[in-house]
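See structure below.
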């Protein structure tokens, strides 16, 4: 089944919160600024004040990614973010009594 077929088959009552649960986004899972600051605090502590300042203004992520590139920490950030995302999704599933099958 391709994506177009799947979208055509969505149930009429997709908005019924008794039957269906919307997936959370990064902010709902606490994976935005708090995660960045936790990462920087642990792996780039000398840059913490700068990163905190980045995130007090618009355009923070490009500045953060540039800093990661300069510090050669992009791969470390991605691994950290991926692990945090997996754990946050597992916690969310537990909270909503959703069984995870690996």
**OP:** Write out, first by first residue and then by second, each pair whose Cβ atoms fall under 6 Å of each other, whose residues are 6+ apart or on separate chains, and whose first residue, in segment 78-102, is over 20 Å from residue 36 (Cβ atoms) while the second is part of a helix (DSSP H, G or I).
**Re:** 100/93
**OP:** Name the single residue, out of those in segment 1-18 being at pLDDT below 75 and assigned to a loop (DSSP other than H, G, I, E, B), that is nearest to the chain's Cα centre (by Cα).
**Re:** 17
Original post:
Inside segment 42-63, can you point out the residues that are surrounded by fewer than 15 Cβ atoms within 10 Å (Cβ to Cβ) and part of a helix (DSSP H, G or I)?
Top reply: 42, 43, 45, 46, 48, 49, 50, 53, 61, 62
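Does segment 94-101 contain at least one residue that is in a loop (DSSP other than H, G, I, E, B), at pLDDT 95 or above and either over 29 Å from residue 22 (Cα atoms) or in contact with a helix residue (DSSP H, G or I) (Cβ under 6 Å, 6 or more places away or on another chain) (or both)? Spell out the reasoning first.
Taking segment 94-101 and keeping what is in a loop (DSSP other than H, G, I, E, B), we get 96-101.
Those still in the list that are at pLDDT 95 or above too: none.
Scanning segment 94-101, I find no residue that is in a loop (DSSP other than H, G, I, E, B), at pLDDT 95 or above and either over 29 Å from residue 22 (Cα atoms) or in contact with a helix residue (DSSP H, G or I) (Cβ under 6 Å, 6 or more places away or on another chain) (or both), so the answer is no.
Within segment 83-91, is even one residue in a loop (DSSP other than H, G, I, E, B) and either surrounded by 13 or more Cβ atoms within 10 Å (Cβ to Cβ) or over 17 Å from the mean Cα position of the chain (by Cα) (or both)? Full working, then the answer.
Step one: list which residues in segment 83-91 are in a loop (DSSP other than H, G, I, E, B), which gives none.
No.
If only one of 29, 68 is within 21 Å of the chain's Cα centre (by Cα), modelled with pLDDT of 95 or more and surrounded by 10 or more Cβ atoms within 10 Å (Cβ to Cβ), which one is it?
On the way: 29 fails: modelled with pLDDT of 95 or more.
When all the criteria are applied, what remains is 68.
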Subject >> Which numbered condition residue 34 misses (of (1) assigned to a helix (DSSP H, G or I); (2) at pLDDT 80 or above; (3) over 20 Å from the mean Cα position of the chain (by Cα); (4) closer than 22 Å to residue 93 by Cβ) >> reply: (3)
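The values are calculated or read from the model by the stated rules, or taken from the named source; none is laboratory data. Nothing here was measured: the structure is a model prediction, and the numbers come from that model. Here the Cβ is made from the backbone with ideal geometry for all residues, glycine too, and neighbour counts use every protein chain on show.
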